[in-house]
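A short write-up of the structure that comes next.
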Ligand code: NAD
């Protein structure tokens, strides 16, 4: 905990949401929510007690008794209203997000907007949650399926998208008829709480959405809780793997979207200017703290000669506080993250990588205390180096080289992570081969950050995902529902008795 006595007296407290009420926690454990550009303490977040976690789950369990039967129109209209409220509060939400997370204001709006798209999708629940019907599977017999809600579901979210990722979770869980307990990131919970206030204003009834704050203990309590049916997790591979095993062992349905090492292949026939611009934006935007950030560029054949131009483009990016006009990247989330990223850059150099651009000491006028790292490029990176093995989660691009596409695909498929990948080429044949042979969830063709819109599902391969079904899109409707298959026959009043038949036949 980093709460100081000074912050205890001044900063506002982040509330829990239990049974429709925003309440003060009774815990003795608190943590400061800190502006990463200035170190100003913005608020204090509680680590909820076991009793508070139980109260949130009990409220959700009770609310499920009625919410599971709420009419489709009632559920859909709440999310129609909710999307309108989010649009009306976009500026306020983005400002809150920038203050506690650090990303630039336009990027913060993007964070809210990508979540808003899921809310809009949830408003279509009537068509998304349709079952299937087969008429006359035998004479006078029909079979049909129902997609019924599971009960209480829980979500655990990371710091890097404090608007989008909570909105990946609770709108679709609630729209499908479940009730929800959310555990936001303890590093930046304020915008998430504002979104929850707006959700209640949109008409979500008491108990249907609850929020508890905390760290490992609260997460473990949710994983173990007998009254929770499903857990959705987004965060690092280390924590996600733990959550997956712990919650699965407790009999829950679990989906974990986890860490990444996203490669971008640049073929020698690529559109040079477009590709290098896309690469610089995808590597350094949001200070590299996107799970879909490009963190490895693989320059194929003669594209390796483009490194100096890539460095020149990266140098042009402006490092500043997210509120500053023209800022391209803001600070890292915490002092600890700052130390970690600087440490990894140093290790990369020790292990033989070449520092083609050193962003370790950027000058940021007006913000001497921010957790800033400027765009950094490590060239000649090889598999086995720490900077390649570990997810850096900062504005650091590793550059590698291969002779051809086959070698580049083999390199990427040998990396443990499989979250996002991109190829830059003007060749349809190369792009098609890449799309067929690459083992990664999100694939971009001349698109550096191919996050799917909610008509599709976010996915992942290998160490980037555990569980079969991803968040949003069609998959999440299946994740948050149980399929029930009904086979029905109705006797008309004049039916003649049939002989009893002991063979299995309809
Ligand atoms: P994190 O794993 O540290 O934290 C995620 C959540 O787990 C938080 O709510 C945190 O309180 C909780 N937690 C932390 N330690 C825990 C422990 N020991 N036991 C139980 N719970 C614990 O992740 P982060 O640093 O907040 O987020 C960055 C990570 O998330 C990166 O690895 C990034 O790639 C990943 N991410 C993945 C996706 C995706 O869709 N694949 C999206 C966004 C972020």
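The values are calculated or read from the model by the stated rules, or taken from the named source; none is laboratory data. Model, not experiment: these values are computed from the prediction. Virtual Cβ from ideal backbone geometry, glycine too; neighbours counted across all protein chains shown.
Of the set (1) within 16 Å of the ligand (Cβ to nearest atom); (2) out of contact with any helix residue (DSSP H, G or I) (no Cβ under 9 Å at 6 or more places or on another chain), all apply to residue 144 but (1). Only one entry of 149, 189 meets the criterion of being within 15 Å of the ligand (Cβ to nearest atom) and crowded, with 21+ Cβ neighbours inside 10 Å, and that entry is 189.
Can you confirm whether residue 281 is assigned to a loop (DSSP other than H, G, I, E, B) and more than 10 Å from the ligand (Cβ to nearest atom)? Spelling it out, it is not the case that residue 281 is assigned to a loop (DSSP other than H, G, I, E, B) and more than 10 Å from the ligand (Cβ to nearest atom). If you go through the range 219-242 and pick out every residue that is in contact with a helix residue (DSSP H, G or I) (Cβ under 6 Å, 6 or more places away or on another chain), within 12 Å of the ligand (Cβ to nearest atom) and in contact (Cβ under 8 Å) with a residue 40 or more places away in the chain, you end up with 5. Look at the range 246-265: where a residue is at positive phi and at pLDDT 95 or above, no partner that is within 11 Å of the ligand (Cβ to nearest atom) and assigned to a loop (DSSP other than H, G, I, E, B) sits 6+ places away or on another chain with Cβ atoms under 7 Å. Across the range 154-173, the number of residues qualifying as over 18 Å from residue 253 (Cα atoms) and near the ligand (Cβ under 9 Å from one of its atoms) comes to 6.
Residues that are within 23 Å of residue 203 (Cβ to Cβ) and surrounded by 14 or more Cβ atoms within 10 Å (Cβ to Cβ) within the range 88-112 comprise 89, 90, 93, 96, 112, listed in sequence order. If only residues of the range 134-157 that are part of a loop (DSSP other than H, G, I, E, B) and touching a strand residue (DSSP E or B) at 6+ places or on another chain (Cβ under 8 Å) are counted, the one that is farthest from residue 172 (Cα to Cα) is 140. Residues in the range 309-326 that are part of a helix (DSSP H, G or I) and either surrounded by 17 or more Cβ atoms within 10 Å (Cβ to Cβ) or without any contact (Cβ under 8 Å) to a residue 40 or more places away in the chain (or both): 6 in all.
For (1) under 22 Å from residue 223 (Cα atoms); (2) not in a loop (DSSP other than H, G, I, E, B), each residue gets a yes or a no:
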site: 42; (1), (2): no, yes
site: 45; (1), (2): yes, yes
site: 57; (1), (2): yes, yes
site: 60; (1), (2): yes, yes
site: 69; (1), (2): no, no
site: 106; (1), (2): no, yes
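Picking from residues in the range 445-458 that are within 15 Å of the ligand (Cβ to nearest atom) and within 17 Å of residue 412 (Cα to Cα), the one that is surrounded by the fewest Cβ atoms within 10 Å (Cβ to Cβ) is 450. Of the residues making up the range 174-186, those that are near the ligand (Cβ under 9 Å from one of its atoms) and crowded, with 24+ Cβ neighbours inside 10 Å are 183, 184, 185.
Take the residues in the range 284-294 that are near the ligand (Cβ under 10 Å from one of its atoms) and closer than 21 Å to residue 413 by Cβ, then tell me which one is surrounded by the most Cβ atoms within 10 Å (Cβ to Cβ). For the range 284-294, the residue satisfying everything is 293. What are the residues in the range 251-273 that are within 15 Å of the ligand (Cβ to nearest atom), assigned to a loop (DSSP other than H, G, I, E, B) and either over 30 Å from the mean Cα position of the chain (by Cα) or closer than 18 Å to residue 283 by Cα (or both), if any? 259, 260, 261, listed by residue number.
Which of the following residues is crowded, with 20+ Cβ neighbours inside 10 Å, more than 28 Å from residue 120 (Cβ to Cβ) and either within 13 Å of the ligand (Cβ to nearest atom) or under 19 Å from the mean Cα position of the chain (by Cα) (or both): 441, 418? Sole residue among the options that is crowded, with 20+ Cβ neighbours inside 10 Å, more than 28 Å from residue 120 (Cβ to Cβ) and either within 13 Å of the ligand (Cβ to nearest atom) or under 19 Å from the mean Cα position of the chain (by Cα) (or both): 418. The one condition from (1) surrounded by fewer than 18 Cβ atoms within 10 Å (Cβ to Cβ); (2) in contact with a strand residue (DSSP E or B) (Cβ under 8 Å, 6 or more places away or on another chain); (3) not in a loop (DSSP other than H, G, I, E, B) that residue 131 does not meet is (3).
Of all residues in the range 245-285, those satisfying the criterion of being out of contact with any strand residue (DSSP E or B) (no Cβ under 7 Å at 6 or more places or on another chain) and under 28 Å from residue 222 (Cβ atoms) are 245, 246, 249, 250, 251.
Is there a residue being under 28 Å from the mean Cα position of the chain (by Cα), within 28 Å of residue 444 (Cβ to Cβ) and assigned to a loop (DSSP other than H, G, I, E, B) anywhere in the range 396-413? Break it down stepwise before answering.
We begin by selecting, within the range 396-413, every residue under 28 Å from the mean Cα position of the chain (by Cα); these are 396-400, 408-413.
Subsequent filtering for residues that are within 28 Å of residue 444 (Cβ to Cβ) retains 396-400, 408-413.
Within this subset, residues satisfying the condition of being assigned to a loop (DSSP other than H, G, I, E, B) are none.
Within the range 396-413, not a single residue is under 28 Å from the mean Cα position of the chain (by Cα), within 28 Å of residue 444 (Cβ to Cβ) and assigned to a loop (DSSP other than H, G, I, E, B).
Against the condition closer than 30 Å to residue 267 by Cβ, surrounded by 15 or more Cβ atoms within 10 Å (Cβ to Cβ) and either without any contact (Cβ under 8 Å) to a residue 12 or more places away in the chain or in contact with a strand residue (DSSP E or B) (Cβ under 9 Å, 6 or more places away or on another chain) (or both), how does residue 410 come out, does it pass? Taking the combined requirement at face value, the residue does not satisfy it.
Restricting attention to the range 300-307, does a residue exist that is under 20 Å from residue 376 (Cβ atoms) and either in contact with a helix residue (DSSP H, G or I) (Cβ under 6 Å, 6 or more places away or on another chain) or crowded, with 22+ Cβ neighbours inside 10 Å (or both)? Scanning the range 300-307 turns up no residue that is under 20 Å from residue 376 (Cβ atoms) and either in contact with a helix residue (DSSP H, G or I) (Cβ under 6 Å, 6 or more places away or on another chain) or crowded, with 22+ Cβ neighbours inside 10 Å (or both).
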